[in-house]
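All remarks here apply to the structure that follows.
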Amino acid sequence: MPFGLSKKEVGNISFNTDITNKEELEEIKKVAHKLDSDEKVLFVAKQMRNIPGGAIISSPNSVFATNKRLIIRNPTMMGMRENIEGISYDKITSVKLEKGLFSSTVVIRSPGLSELSRLSKSSGLIAWGRGEDGTIDALPKDKAEQLVKLINQQIEIVKKSNQQGPSSGTSSIADEITKLAKLKADGLITEDEFTKMKQDLINKK
């Protein structure tokens, strides 16, 4: 599903996002070279330091939810090396939230994560994957909850999009508008984006 694109520029590097937090924009800058031209960063979460499961010595991992996929940035050797992996939403079979005393953990299940974990260990990078579960520890509780909610929303959008046939009648257009309204209500698209995308759907009728 297309998202309205909103360009931000940080240090001569531009990318699509509505995020305004300066620290989060600096994090996005580090993965901007991996983003597609029509890819929009919707959410950023970063591991906490100095807590059980957190990044005490190493640089903390960052997680980016875009309109297309999850991106995990795993810096090592005090940021001198990094491992960046992307997982498209249609490849995620489940996601769950594990709440801890100080922070929360997000557990992602997706075929292929076992290979990612093995490769990470053999290359000396810190493996964030555990078997076929991608376990992201030490996330702030509110961030972890928002991340899980957003992943589940994106998975549903992908599923519904894949289920639609090539010929879309009036009912499917109404369904699309309903989905757009939900995205607007959840704050994932703006009022202007909603109006434009709704009009585009009506024009295709």
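Quick one: which residues, 5 or more positions from Lys40 or on another chain, have an amide H under 5 Å from its amide H? H modelled 1.01 Å from N in the peptide plane, none for Pro or chain starts.
Placed amide hydrogens put Asn67, Lys68 under 5 Å from Lys40.
Among all the lysines, which ones have a C-alpha under 21 Å from Lys7's C-alpha, if same-chain residues fewer than 8 places away are not counted?
Qualifying lysines at Cα under 21 Å: Lys22, Lys29, Lys30, Lys34, Lys40, Lys68, Lys184, Lys196.
Summing +1 for each Lys or Arg and -1 for each Asp or Glu, what net charge is found among the other residues whose Cβ lies under 14 Å from the Cβ of Glu26?
Details: positive: Lys8, Lys22, Lys29, Lys30, Lys46, Arg73; negative: Glu9, Glu23, Glu24, Glu27.
So the surrounding residues net to +2.
No value in this document is a laboratory result; all are computed from the given coordinates. Because the structure is predicted, anything quoted here is derived from the model rather than measured. All Cβ positions, even for glycine, are placed from backbone atoms using ideal geometry, and neighbour counts span all protein chains on display.
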